[in-house]
Amino acid sequence: MGRDPYRKNNRNYIPDDDIDREEREERRREHKGSLFNVLLAGVIVISLITFLFILLDSGIFMDDAQPMYGSPQASAGTGSVELTQEEKKQAEEEARKKEEAAKEKERKEQEAKKAKEEAERKAKEEEEARKAEEEAKKKAEEKKKREEEEKEKEAERKKELEEEQKVLSGDYILPDSSTREYSDSELRDLTDKEVIYAINEIYARKGRIFTGEEFKRYFESKSWYRGTIPAEEFDANQNERFNDTERANINKLVRIAEERGLR
């Protein structure tokens, strides 16, 4: 509905709310339509301009024309692509060098580790060899010492045996057993075998007969021995057969034999 200018300019015009609302609504619709038309026209213009630039950039309207702006086609032949490839090659070369350097470092570290382990192993083997050598040397010294001690003991035993045989080869061990009381030191100088033989020598000088082969063979080899009294009879009252000196020598010899565990 159009506005009535008469109503507006008429001094006698009485406002009508319904009519005024319709006019205001109509004016709003006209205003919105104008804005929409302006926006639509702007969008169309921008779209056309953008489309035109795209066509120009693609080179459709120019045979040998270079693309506009900074597309890959525009930069072709200018040297910028080659520079990018060179930088890429340089980066790849640097990466390769870094990788080789890392591998070389790792290789050297592995070699150093192996060298250290080898040195430690060698040092351990040398230490074990040294200890084994010292142990072997110690055992050899101990063996030599034992052998020397055995030789010394053997020499002492041989010497004692020779002296013992020399004593036993004589007529008497204690030639004065019936007339002289021997001192403890004299009797302790006798060997174990001489102590036993000296006791039985006093018995043998009184005529006791020996049944054991060792004493029988020994005393029968003496020129002074005369066995006349059987062992049982002799031992039954042997104290009555000895004088005080003989009993004193026998008691000392028996005590020494017991101390040495010979009886």
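All of the numbers you see were taken from the coordinates with simple rules; none came from a lab. Note that the structure is a prediction, hence the values are computed from the model and not measured. Heads up, the Cβs are rebuilt from the backbone with ideal geometry, glycines too, and the neighbour counts pull from every protein chain shown.
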Using the Kirkwood radius over Cα pairs, work out the Stokes-Einstein diffusion coefficient for segment 99-171 at 10 °C and 1.306 mPa s, in µm²/s as a whole number.
-> 89 µm²/s
Gyration tensor over alpha-carbon atoms, segment 171-259, equivalent ellipsoid semi-axes in Å = 20, 15, 12
What nm distance separates the two modelled labels at Arg188 and Tyr172, each placed 7 Å from Cα along Cα→Cβ?
-> 2.4 nm
Separation between the Leu48 and Lys108 pseudo-spin-labels, each 7 Å from Cα along Cα→Cβ, expressed in nm?
-> 7.2 nm
Can you flag which of Lys105/Lys131; Lys216/Lys252; Lys122/Lys145; Lys122/Lys144 are past 28 Å Cα-Cα?
-> Lys105/Lys131; Lys122/Lys145; Lys122/Lys144
